[in-house]
């Protein structure tokens, strides 16, 4: 599994989530996404952080290269291209 953290600025959270959950989901799934989790910041910056699990790095790269992805993001109100950072889960601990 390959995981990315995406930082996305948006215009309207409800619009962003609506497109992310429908058209965006279809795009991600077509490129081998295994799922995503959206986290909002509480600093009033209209920014979300998205963890996306991919089958492997190759399918993630294919997603980035797909010319139909940026227009889908724009329909969701994303302000520009997200900043993607590859991350690894190195531990999970009980409370």
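No lab work stands behind these numbers, since they all come straight from the coordinates. Treat the numbers as computed from the prediction; the structure is a model and nothing was measured. We place every Cβ from the backbone using ideal geometry, glycine too, and count neighbours over all the protein chains shown.
Observations, loosely collected:
- Yes/no for residue 16 being under 17 Å from residue 69 (Cα atoms), surrounded by 14 or more Cβ atoms within 10 Å (Cβ to Cβ) and touching a residue at least 60 places away in the same chain (Cβ under 8 Å): yes
- Residue satisfying all of: in the stretch 26-60; in a helix (DSSP H, G or I) and touching a helix residue (DSSP H, G or I) at 6+ places or on another chain (Cβ under 9 Å); surrounded by the most Cβ atoms within 10 Å (Cβ to Cβ) among these: 28
- Index of the failed condition, residue 11 passing every other in (1) surrounded by fewer than 17 Cβ atoms within 10 Å (Cβ to Cβ); (2) touching a strand residue (DSSP E or B) at 6+ places or on another chain (Cβ under 7 Å): (2)
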